[in-house]
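For reference, the structure discussed in these notes is given below.
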Amino acid sequence: MATRTSTAPAPASRPPRRTQQERRETTRRKLLDATIETLVELGHARLTTVEVAKRAGVSQGALFTHFDTKEELLAAAVEHLFPRLIQDYLAGVGARPSGKDRIASAVDMLWAAYQRPELQAAIELYVAARTDTALQVALAAVDGPHRRNLHRVARELFPEAAAEHPDFDAVVELALDAVQGAAVGGSARPDDPAHRRMLDALTRFMRSAFTPPESPRRRRTRS
């Protein structure tokens, strides 16, 4: 009699064990995502480290092994959020039709970014930092690199204007502050038609500011 060959499946191989550093990074990321989620839903005034730890599925003690203070946690969450928003912004501008005015697209997408609940929650932290010195110090360490990153993105979007205009960075800073200020005001009046007029005016200003300067020789030729 022939012997029956076993058809039992081979035991599945175990997935490789994560290193301590990988586990630590995973926990940290969960805490940062939970912080942003809590900020969006509850706001800065009602956010507690107990609530963040609960949403992340860790103990409050574990939270404080990653972040020394609540303010450090909040600043780290903002730092974690900003690159994702920039990536989404660039994807949005890139998705616009190629024939569409790049400046108008950049302004419109910037306004759309500031309507996102996550970014509005981050702005809430900046407002709270006015009377919270510890939060102000923590955010200052994050804001400088983020602002420089925004200027880098602007130079990638408008390389010719960046190369030709000495006031390029000042115009970019003005545009950022104008849209952010309007977004803060928009919290109280989200449907105000003045916002659209402001964006159109900003677009016209940036078009004018980024227009290549006319050379003296060309001006003499025209005169």
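A few comments on the model shown:
- With respect to the conditions (1) within 16 Å of the chain's Cα centre (by Cα); (2) closer than 21 Å to L39 by Cβ; (3) among the small types (G, A, S), A129 falls short on a single one, namely (1).
- Within the stretch 56-72, considering residues that are under 22 Å from the mean Cα position of the chain (by Cα) and open to solvent by 40 Å² or more (accessible area, probe 1.4 Å), the one farthest from R23 (Cα to Cα): E71
- Condition check for R189: open to solvent by 50 Å² or more (accessible area, probe 1.4 Å), over 20 Å from H44 (Cα atoms), outside any helix (DSSP H, G or I) and modelled with pLDDT under 95: yes
- Yes/no for A163 being among the aliphatic types (A, V, I, L, M), open to solvent by 60 Å² or more (accessible area, probe 1.4 Å) and part of a loop (DSSP other than H, G, I, E, B): no
- Among the residues of the stretch 138-153, none qualifies, meaning not one is among the polar types (S, T, N, Q), open to solvent by 20 Å² or more (accessible area, probe 1.4 Å), within 30 Å of D68 (Cα to Cα) and not in a helix (DSSP H, G or I).
- Count of the stretch 50-72 residues which are in a helix (DSSP H, G or I), within 19 Å of V137 (Cα to Cα) and touching a helix residue (DSSP H, G or I) at 6+ places or on another chain (Cβ under 6 Å): 4
The values are calculated or read from the model by the stated rules, or taken from the named source; none is laboratory data. Fair warning: this is a prediction, and the values are worked out from it, not measured in the lab. Note: ideal-geometry Cβ built from the backbone for every residue, glycine included; neighbour counts use all protein chains shown. Just the protein is used for accessible areas: all its heavy atoms, side chains included, with ligands, DNA and RNA removed. Shrake-Rupley method; radii C 1.70, N 1.55, O 1.52, S 1.80 Å.
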